[in-house]
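A.B. asks: Have a look at this one before I ask anything.
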């Protein structure tokens, strides 16, 4: 009996050892493509800007100081809080939040519709959702710009239908940025919610109906709590990339709708760029995102512990 038990324990130890070996390629990819670039950005954020571009390998907090404080044109004035970059971050957060809400408003009914189709037709609907995203994001954003320009197909159709008397100016506005973000990340909302609804037990809705619950009450008290993980996952998958997006703001929003991604991109372009400041801006963005995700994870852990 003891020999058999020892063999089982030895087998479990061997399995765990082999499992760690199987995870080694994944860990290597994560380290090389995620951890190392982030560490490089962290190091660059504490270096000194070289006048002709690039960096000088001297430790400095100048990049972070530039982000938060204004010391005048020549840097010799008393430090004052500079809200310029903070406003850009606040605007980006607002745009990302609105994009998440829009994607949720459209994505939830879409996901529900797909999940309630027959088992044979669901893959077709998912396929139709993902087809436009086989094309490069840059091409899709340029196509969106072509669609909504003053002389584009959208305004042409509205004029011909008699809905408007003159073209609606959308390019270089917040609305254009919202359309670009919404179009870019809508599937990231639909697919997680669809996965949650597909696992939902619809007999719960039938039971609620038998107890004279209205459709709105069933949705609010039964369906939404059941598919909450998918909704939260979709909101995170839309909000985070929208926060750092730069193609939609650059091509559709223009200079008046500057966002975080555009700010960071500008710092690494040409000899006029400021690599340490771009790296510092990236690290501040990363800290904000990680802080929000950790706060959410902590709240979920506390909620699970209280059940």
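A.B. asks: For the chain, set up a Gaussian network in which alpha carbons nearer than 10 Å are linked by springs, and say which option among 143, 121, 214 fluctuates the most.
C.D. replies: Looking only at 143, 121, 214, the biggest GNM fluctuation is shown by 214.
A.B. asks: Compute the separation of the alpha-carbon centres of segment 92-129 and segment 205-274 and state it in Å as a whole number.
C.D. replies: Taking the Cα centre of each part, segment 92-129 and segment 205-274 sit 12 Å apart.
A.B. asks: A further question on this structure: Is the shape of segment 157-307 best called rounded, prolate or oblate, per the rule: a/c under 1.5 gives rounded, else a/b larger than b/c gives prolate, else oblate, with a ≥ b ≥ c the square roots of the Cα gyration tensor eigenvalues?
C.D. replies: In terms of gyration-tensor shape, oblate.
A.B. asks: Quick check on the chain: helices-only [θ] at 222 nm, where DSSP H runs of length 4 and up contribute -39,500 (n - 2.57) each and the sum goes over total residues. Nearest 500, please.
C.D. replies: -21500 deg cm²/dmol
A.B. asks: Full-extension gain between residue 105 and residue 135, please, as 0.36 nm times their residue separation minus the C-alpha to C-alpha distance.
C.D. replies: Length gained, residue 105 through residue 135: 8.4 nm.
A.B. asks: Starting with the highest mean, order 192-199, 24-31 by the number of other Cβ atoms within 10 Å, averaged over the residues of each peptide.
C.D. replies: Most protected by this proxy first, the peptides run 192-199, 24-31.
A.B. asks: Mind telling me which of 191, 181, 61 comes out most flexible in a GNM of the chain, alpha-carbon contacts under 10 Å?
C.D. replies: Largest GNM mean-square fluctuation: 61.
A.B. asks: With a Förster radius of 22 Å, plug the Cβ-Cβ distance of residue 26 and residue 124 into 1/(1 + (r/R0)^6) and report the FRET value to the nearest 0.05.
C.D. replies: 0.10
A.B. asks: Let me ask something additional. If the elastic network links every pair of Cα atoms under 10 Å, which of 155, 257, 136 fluctuates the most in the Gaussian network model of the chain?
C.D. replies: The residue that fluctuates most here is 136.
A.B. asks: Take the Cα gyration tensor of segment 18-113, multiply each eigenvalue by 5, square-root it, and list the three semi-axes largest first, rounded to whole angstrom.
C.D. replies: Taking √(5λ) for each Cα gyration eigenvalue gives 37, 29, 9 Å.
A.B. asks: May I pose another question? Divide, for the chain, the radius of gyration over alpha carbons by 2.2 N^0.38 Å, where N is the residue count.
C.D. replies: The value comes to 1.30.
A.B. asks: Determine the relative contact order of segment 83-267: mean sequence separation of Cα pairs under 8 Å and six or more apart, normalised by residue count, in whole percent.
C.D. replies: 35
A.B. asks: While we're on this one: Describe numerically, in nm with one decimal, the distance between label points set 7 Å from Cα along Cα→Cβ at residue 33 and at residue 290.
C.D. replies: Going from the residue 33 label point to the residue 290 one covers 2.0 nm.
A.B. asks: Next question. Quick one: 201, 150, fewest Cβ neighbours within 10 Å first, how do they rank?
C.D. replies: The order, fewest Cβ neighbours first, is 201, 150.
Rule-based calculations on the coordinates, nothing more; no lab input. These numbers come from a predicted model, not from an experiment. Glycine also receives a Cβ, built like all others from the backbone with ideal geometry; neighbour counts cover every protein chain displayed.
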